[in-house]
Amino acid sequence: MTHWQGKSKRKLTGGKRVYHRKKRKFEISSDYEFPVLAEEKKKIVKSRGGNQKIRVVGAEKANISDKEGNVKQVEINNVIENPANPNYVQRNILNRGAIIETDEGKAKITSRPGQDGVINAVLIED
């Protein structure tokens, strides 16, 4: 199912807005698929201008960097906290700003898995 992202048929005052054209393709978006802690799975999606986006649908590993700049790929054990929405913790959704538990310790996701196709994170001091 798709979503239309154009303006509403009603104005803020409650009056009807008059449209002088049909809905356009660039105003339509697809349903959002949340990247979750699950088996590795990526999806290629067409984007505007003939480009492509790689979406993470499921992930088990993250690229973690420490203060010195050393980067390791480690296993994600659990989602501890998510400032975007507390319910995302229950559903194990991995988005930007989520705090995850790994073998190295706690880490904060800095990339946008739904847009970038990779999960990058920074270690947090306890």
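The values are calculated or read from the model by the stated rules, or taken from the named source; none is laboratory data. What you are looking at is a predicted structure, and each value in this text was computed from that prediction instead of being measured. We place every Cβ from the backbone using ideal geometry, glycine too, and count neighbours over all the protein chains shown.
Cβ separations smaller than 9 Å between residues 6+ apart or across chains give no pair from region 78-96 residues that are closer than 15 Å to Arg112 by Cα to residues that are of a type in the set (Asp, Glu) and part of a strand (DSSP E or B). Filtering region 7-31 to residues that are assigned to a loop (DSSP other than H, G, I, E, B), surrounded by 10 or more Cβ atoms within 10 Å (Cβ to Cβ) and modelled with pLDDT under 90 leaves only Tyr19. Take region 63-79 and flag every residue that is in a strand (DSSP E or B) and surrounded by fewer than 13 Cβ atoms within 10 Å (Cβ to Cβ). Answer for region 63-79, where residues must be in a strand (DSSP E or B) and surrounded by fewer than 13 Cβ atoms within 10 Å (Cβ to Cβ): Val71, Gln73, Glu75, Asn77, Asn78. Ile54 satisfies every condition listed in (1) touching a strand residue (DSSP E or B) at 6+ places or on another chain (Cβ under 8 Å); (2) at negative phi; (3) in a loop (DSSP other than H, G, I, E, B) except (3).
Filtering region 32-51 to residues that are under 20 Å from Thr2 (Cα atoms), assigned to a strand (DSSP E or B), among the hydrophobic types (A, V, I, L, M, F, W, C) and in contact (Cβ under 8 Å) with a residue 12 or more places away in the chain leaves only Val45.
For region 33-40, the criterion of being of a type in the set (Asp, Glu) and surrounded by 10 or more Cβ atoms within 10 Å (Cβ to Cβ) is met by at least one residue.
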